[in-house]
Amino acid sequence: HADIPIAKASGIILHGRLRAALEDVDCRGGARERVEILRRDGAGAEALAHLERIRPRKLKDQAFLTQYGYALLVANRADEAHEHLGRAAMMKGGIEAKLFLALAKAKLGRCAEAEKLCQEVESLAAAAPDLLLAARALRADCNLFLGNGKEALAVWKELRERGEMDPDQLGHMAYAAQLAGETALCDEIMAKRAMSGPTSEDLLLFAQIAN
């Protein structure tokens with residue numbers, strides 16, 4: 001459970017926010033070059049190195065702590081990310097930081113805490129549909145990893161009906177359907193995913209369902 005995957009749709013949303021925010025992190029030159037680095041290889045080593053260079057003078061800057069924390073998450077440094085995001089989330093208006101902090105908690109296997117934090121983000125993010133969608137997707141995954149198949153499935157059903165379902169979460173939805181006793185829905189989702197190019201994680205989940 002500690003190796004919980006980041007949903008692809010949520011990752012795209014959050015990477016986009018990281019790219020946009022980095023340009024404002026340090027306005028004293030080189031912003032365009034840093035953004036190009038991120039466009040080329042996501043939150044890569046060069047971008048993270050830049051953030052670490054300017055960190056000493058940005059430790060009280062919520063926007064910086066939030067983006068730096070997420071960059072650490074992408075670099076699989078979840079413990080460090082949790083520390084910085086926790087500080088950012090305590091500052092006024094830290095909705096985005098709370099979402100990233102939930103992601104850090106999930107990566108560390110603290111899914112109950114992450115699920116609760118996602119609910120908090122959802123209650124605060126009515127004006128930010130991208131954050132709302134990411135929080136819902138992550139909350140569903142957290143519920144699944146906690147064994148709450150019905151709760152996870154309810155979220156994914158709602159997202160699917162709205163056309164907001166991340167295809168890479170279909171395998172998770174099928175597993176939740178099985179846990180919730182909805183065998184027909186589970187079979188339907190697996191068949192659909194099998195036709196659209198299942199990932200190795202999907203195949204592993206399907207094998208678990210079959211057993």
- Item | Under the Karplus curve 6.51 cos²θ - 1.76 cosθ + 1.60, θ = phi - 60°, whole-Hz ³J(HN,Hα) for the range 155-168, x wherever Gly or Pro sits | 5, 5, 4, 5, 5, 5, 4, 8, x, 10, 6, 6, x, 6
- Task: Leaving ligands, DNA and RNA out of it, work out the accessible area of HIS172 with a 1.4 Å probe and give it in Å² to the nearest 10.
- Result: 10 Å²
- Task: State, to one decimal in nm, how far the label point of GLU120 lies from the label point of LYS150, with both points 7 Å from Cα in the Cβ direction.
- Result: 2.7 nm
- Task: With a Förster radius of 25 Å, plug the Cβ-Cβ distance of GLU158 and LEU203 into 1/(1 + (r/R0)^6) and report the FRET value to the nearest 0.05.
- Result: 0.40
- Query: Mind listing the phi-derived Karplus ³J(HN,Hα) values for the range 63-74, rounded to whole Hz, using 6.51, -1.76 and 1.60 with θ = phi - 60°, and x for any glycine or proline?
  - Reply: 4, 5, 4, 5, 5, 5, x, 5, 4, 5, 4, 5
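If you filter the range 55-100 for trypsin sites (Lys or Arg not before Pro), then keep DSSP loop positions with at most 10 other Cβ within 10 Å, what is left? Walk me through the numbers on the way to the answer.
Details: sites: ARG57, LYS58, LYS60, ARG77, ARG87, LYS92, LYS98; in loops: LYS58, LYS60, ARG77, LYS92.
Of the trypsin sites (Lys or Arg not before Pro), the ones in loops of the range 55-100 whose Cβ has at most 10 other Cβ atoms within 10 Å are LYS60, LYS92.
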- Item | LYS58-ASN211 pseudo-label distance in nm [points 7 Å out on the Cα-to-Cβ vector] | 4.5 nm
- Within the range 99-199, report the trypsin sites (Lys or Arg not before Pro) that DSSP leaves as loop and that have at most 13 other Cβ atoms within 10 Å. ARG162
- Task: Heads up, I need the accessible area for ILE54: 1.4 angstrom probe, whole protein in place, Å², nearest 10.
- Result: 10 Å²
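The values are calculated or read from the model by the stated rules, or taken from the named source; none is laboratory data. These numbers come from a predicted model, not from an experiment. As a convention, Cβ positions derive from the backbone with ideal geometry for all residues, glycine included, and neighbour counts pool all protein chains shown. Remember, those area values only see protein heavy atoms, side chains included, never the ligands or the DNA or RNA. Shrake-Rupley method; radii C 1.70, N 1.55, O 1.52, S 1.80 Å.
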